[in-house]
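S.K.: I'd like to ask some things about the structure below.
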Amino acid sequence: MKAKLITQEEADAIIETREPRGLFYLESKTGDGRKVIVGIDNRTGDAWTEDFKNKAACFRWLHDK
C-alpha cells in the first residue's frame, strides 16, 4: 500500500473519523517553525501518528510496521 500525501485538513478528518483507511503523510511545521513530516497509519482504523524529520524515515515507519 502506497502512502498518500494529504493536507492538514484531511489529516484532521482522518484522525477524527478514522476514515478513509490507508497510509498517509503530510508536511507540516512545528511550533518553532521547523519542518516535520507526519505519518498516519490508518490501515486498521486506529489512526496511529508519528512525527519525522524526513520522508525517508516516515516511509520506513509506515511500510515496516
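S.K.: Taking N as the number of residues in the chain, what is its alpha-carbon radius of gyration divided by 2.2 N^0.38 Å?
M.R.: 1.02
S.K.: I would also like to ask the following. Contour minus end-to-end for residue 46 and residue 21, with contour as 0.36 nm per residue of separation and end-to-end as the Cα-Cα distance?
M.R.: 8.1 nm
S.K.: Relative contact order of the chain: what whole-number percent is it, with Cα pairs under 8 angstrom and at least 6 residues apart?
M.R.: Dividing the mean separation by the residue count of the chain yields 27 percent.
S.K.: Less than 15 Å Cβ to Cβ from residue 8, Lys/Arg counted +1 and Asp/Glu -1: what total charge do the surrounding residues give?
M.R.: Computed value for this residue: -3.
S.K.: What share of the DSSP beta bridges in segment 4-64 is antiparallel, in percent to the nearest 5?
M.R.: Antiparallel: roughly 85 percent of the beta bridges in segment 4-64.
S.K.: Taking the dipole about the Cα centre of the chain, with the C-beta of Lys and Arg at +1 and of Asp and Glu at -1, give me whichever of 47, 59, 11 is farthest to the positive side.
M.R.: The residue sitting farthest along the positive end of the dipole is 59.
S.K.: Taking the Cα atoms only, what angle lies between the long axis of helix 8-17 and the longest principal axis of the chain, rounded to 10 degrees?
M.R.: 40
S.K.: Please determine, in degrees from 0 to 90 and to the nearest 10, the orientation of helix 55-64 with respect to the longest principal axis defined by the Cα atoms of the chain, where the helix direction is its Cα long axis.
M.R.: Value to nearest ten degrees: 30.
Values quoted throughout were computed directly from the atomic coordinates according to the rules given, and no laboratory measurement underlies them. Predicted, not measured: the structure shown is a model, and the values here were computed from it. Reconstructed Cβ throughout: ideal geometry from the backbone, glycine too, with neighbour counts over all protein chains shown.
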